[in-house]
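Written out below as structure tokens is the structure these notes cover.
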Amino acid sequence: MAKIIGGITTSHIPAIGVAMDKGLEETDYFKDLFAIYPPIRDWLTEEKPDIAVLFYNDHGLEMWLDKKPTFAIGAAPEYENADEGWGIKPIPPVTGETELSWHIVNHLIENDFDPTVCQDIKVDHGATVPLTLLWPNFTYQGIKVIPVSINCERHPMPKPSRSYAFGKAIGEAIRCWNKDQKVVVLGTGGLSHQLDGQRAGILNADFDNWCMDKMVTDPEAITQYSNVDLIEKGGAQMVEIAMWLAMRGCIEGPVEERLRNYVSPISNTAVGVQLLIPENEQG
Amino acid sequence: MTDYKMKAVEGTYHFDGEAATKGFHFNKMCYSFNSEENRQAFRDDAEAYMTKYKLTEEQKQAVRDHDINRMLELGGSIYYMAKFAGIFGWNMQVIGGMQSGRSTEEFIAYLESQGRGKTTNG
Ligand SMILES: [Fe+2]
């Protein structure tokens, strides 16, 4: 049976991708942020997951307003990246895993979740920045990726509780897949930030740290908040915690927090990173 | 009838159905800026480009004025507007300053004042 060996939360802000492109990892501005990635990469190298299920939100590369899915799951052998308009360098295609994609889709629909199924989508920085961070120098091409997107742009967005439940259903699907494969789940985006309006630039370190604590011990506590509560607390784009909740939902039972990093601000965003290991899967 | 209007948050434009309806053509134009060819067409003749994308006169004026908050008011979504900003080389700190009435330096200082120093490594 497939096994979820760990969960990682990571930012996906474009500035991080650009910093990697330009080799700025060691500069004063970025070094605290990048410090957390080598130990996470070491863990990945040691554990060798076969598949990454990656929760992200599209920022207007593929999922534009004309047909915008609330929840969507990739079921393609390959996912391309492309020009997003403001200067991040596109990266070579990401490898898919169609068999598990379809297994998840079947399981979701059987369990009353009805996502949009995508056989040909481009993935944006929401997916590519985390992949590049975790598997640098294009080594992400050695891992199979299933991108799962959640609408974080246009209201109404799924309730945080629903994103968490969606993740739970995906976790069950992975655990009942009859293949001896190791899966890592990735929750991208966040934490507090607001890009738009007179309130642009708001950050909330206390709330971010509370969320990171709860990600470990009691993720359901975060789901007590509505999206508008999250906007009040952590800015308009705090709603991206939906992807963290979906990732955390995939993991059953208690987790050990192996690593944590919080650096704020990078660009306009508070960047939280966690490596969570399911205690039930250890040993 | 249930009222689904979102609670107002000061200084924030919820991009909801009403905004998305109002801003559809404007956002469609900004979405087109994923392609360099389209960015160039806008640089060559912004007025013609805006007309082609059916922007309202108010939206056109907000674009001419580089008035980011006004674009939001008229239904703009920041994700597509980021592509518009890319044409001018404005990053998120530049736009942040433009929206919050600060210079870019002041905006960066505002960000820093809330964050750095609360770093936890471990
Ligand atoms: Fe994002």
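One table, with the values for the structure above:
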| read-out | value |
| --- | --- |
| Hey, residue A:204 touching a residue at least 60 places away in the same chain (Cβ under 8 Å), more than 16 Å from the ligand (Cβ to nearest atom), of a type in the set (S, T, N, Q) and open to solvent by 10 Å² or more (accessible area, probe 1.4 Å) or not | yes |
| Enumeration of residues in the stretch A:51-79 that are away from the ligand (no atom under 16 Å from the Cβ), open to solvent by less than 50 Å² (accessible area, probe 1.4 Å) and under 18 Å from the mean Cα position of the chain (by Cα) | A:51, A:52, A:53, A:69, A:71, A:73, A:74, A:75, A:79 |
| Filter result (of a type in the set (D, E, K, R) and without any contact (Cβ under 8 Å) to a residue 24 or more places away in the chain) within the stretch A:71-90 | A:78, A:83 |
| Any pair with Cβ under 6 angstrom, 6 or more apart, that starts in the stretch A:154-171 at a residue that is farther than 13 Å from residue A:225 by Cβ and within 14 Å of another protein chain (Cβ to nearest Cβ) and ends at one that is modelled with pLDDT of 95 or more and assigned to a helix (DSSP H, G or I) | A:154/B:20 |
| Selection from the stretch B:65-87 of residues that are more than 10 Å from chain A (Cβ to nearest Cβ) and open to solvent by 20 Å² or more (accessible area, probe 1.4 Å) | B:65, B:66, B:67, B:70 |
| Scope the stretch A:109-120; condition under 18 Å from residue A:250 (Cα atoms) and part of a loop (DSSP other than H, G, I, E, B); matching residues | A:111, A:112, A:113, A:114, A:115 |
| Every residue from the stretch B:7-58 that is within 7 Å of chain A (Cβ to nearest Cβ) and open to solvent by 80 Å² or more (accessible area, probe 1.4 Å) | B:7, B:10, B:36 |
| The stretch A:225-255, residues that are more than 15 Å from residue A:185 (Cβ to Cβ) and without any contact (Cβ under 8 Å) to a residue 60 or more places away in the chain | A:228, A:229, A:231, A:232, A:233, A:234, A:235, A:236, A:238, A:254 |
| Per-region count, the stretch A:121-146, residues within 16 Å of the ligand (Cβ to nearest atom), closer than 29 Å to residue A:218 by Cα and not in a helix (DSSP H, G or I) | 0 |
| Qualifying positions in the stretch A:1-20 - farther than 18 Å from residue A:47 by Cα and away from the ligand (no atom under 14 Å from the Cβ) | A:18, A:19, A:20 |
| Total residues in the stretch A:225-258, condition in contact with a Gly (Cβ under 9 Å, 6 or more places away or on another chain) and closer than 30 Å to residue B:96 by Cβ | 15 |
| Qualifying residues in the stretch A:231-283 (those that are in contact with a strand residue (DSSP E or B) (Cβ under 6 Å, 6 or more places away or on another chain) and among the β-branched types (Val, Ile, Thr)) - the one surrounded by the fewest Cβ atoms within 10 Å (Cβ to Cβ) | A:277 |
| Residue identified as within 20 Å of residue A:64 (Cα to Cα), within 14 Å of chain B (Cβ to nearest Cβ) and either polar (S, T, N, Q) or not in a loop (DSSP other than H, G, I, E, B) (or both) among A:192, A:149 | A:149 |
| Matching residues in the stretch A:113-139 - criterion: being more than 17 Å from residue A:100 (Cβ to Cβ), aromatic (Phe, Trp, Tyr) and at pLDDT 95 or above | A:135 |
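The values are calculated or read from the model by the stated rules, or taken from the named source; none is laboratory data. Everything quoted here is computed from the prediction, not taken from an experiment. Reconstructed Cβ throughout: ideal geometry from the backbone, glycine too, with neighbour counts over all protein chains shown. SASA here: full protein model, heavy atoms, side chains in, ligands and nucleic acids out. Shrake-Rupley method; radii C 1.70, N 1.55, O 1.52, S 1.80 Å.
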